[in-house]
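Notes for the one structure printed next.
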């Protein structure tokens, strides 16, 4: 499955390159001589390493094309600050070894790597580029409801029974702090800080929406539909809250929040990330 081309918007060069590579009309991304010192670092979001097969297919495709590629070692239930510190250490080791990192980041992982680089000018200067997919500028409404009591007027009886049980399970798993901070009053100041940071590398940010959930994860489509009827979303974040002014943006229809990391419904996530990599490199 490919995103609906009619609903794919963004800067013409990035959009066209993404479409050609993702649909197989063009090979890519090639390992050009200019980027042979590049290491592609994939950065997972919340719960990433707990999810079977997470990023496995795109990582294998990048490596088969000759890229040095790796998945950053972050805590699947870690807070933003905890993972930011982990990323600083790993990126510093790459840069000290003479490598130029290029980041492919999903969801909360995008916030973590951008905040890591914003606080470390030497590492930011060494960075080749960054792609951020479904990176939030605001909270996750279902987590805001579970942990902060927001959006209660749209709860149904099933939600009132299910959400406390889910919050208890997430707490037992050690994820309470990470879930609680995916809250608008926490995330908005971090996004504003990044807006002011003036990062010295190219960022390509991707927002998405979907009309139905994939079968890969149970996403709260109905819950978000009731919180703001008619507002596009990917099952976790509203699409408007994935849009970053000041950066190149692609808006893709037909992709829920789980598909970039593990596929589902025939979505070729192994081609999705390489296509974005080719787009950000070609637009530098």
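Just so it is clear, none of the values below were taken in a lab; they were calculated from the coordinates. Everything numeric in this text was worked out from a predicted model, so none of it was measured. We place every Cβ from the backbone using ideal geometry, glycine too, and count neighbours over all the protein chains shown.
Going by the alpha-carbon gyration tensor, a ≥ b ≥ c the square roots of its eigenvalues, is the chain rounded (a/c under 1.5) or, if a/c is not under 1.5, prolate (a/b greater than b/c) versus oblate? Prolate is the answer for the chain, as a/c is 1.5 or above and a/b outweighs b/c. Counting every C-alpha pair in the range 184-258, the share spaced more than 21 angstrom apart comes to 35%. For a distance above 24 Å, tell me the whole-number percent of Cα pairs in the range 58-216 that qualify. The proportion of pairs with Cα distances above 24 Å equals 42 percent.
Nearest 10 degrees, 0 to 90: what angle lies between the long axis of helix 108-118 and the longest principal axis of the chain (Cα atoms)? Here the helix axis deviates by roughly 50 degrees. Between residue 193 and residue 283, full extension at 0.36 nm per residue minus the direct alpha carbon distance yields a gain of 29.9 nm. Between helix 184-197 and the chain there is an angle of about 20 degrees, using the helix long axis and the longest principal axis of the Cα atoms. Whole Å is fine, so just give me how far the alpha carbon centre of the range 166-223 lies from that of the range 38-61. Taking the Cα centre of each part, the range 166-223 and the range 38-61 sit 16 Å apart.
So for each of 86-99, 128-141 I average, over its residues, the number of other beta carbons within 10 Å; can you give me the resulting order with the highest mean first?
Working: 86-99: 16.0, 128-141: 25.4.
Going from most to least packed, we get 128-141, 86-99.
Considering only 111, 265, 102, the mean-square fluctuation computed in a Gaussian network model of the chain, springs between alpha carbons under 10 angstrom, is largest for 265.
Computed from Cα atoms, the angle from the helix 80-96 axis to the main principal axis of the chain rounds to 10 degrees. Sorting the segments 169-181, 232-244, 72-84 by their mean number of nearby beta carbons within 10 angstrom, highest to lowest, gives 232-244, 72-84, 169-181.
From the helices alone, meaning DSSP H stretches of at least four residues, give me the mean residue ellipticity at 222 nm for the chain, per-run term -39500 (n - 2.57), in deg cm²/dmol to the nearest 500. Before the final figure, lay out each step's value.
Values: 12 runs with 122 residues, N = 284.
Only helices count here, giving -12500 deg cm²/dmol.
If R0 is taken as 25 Å, the Cβ-Cβ distance between residue 152 and residue 240 corresponds to a FRET efficiency of 0.70.
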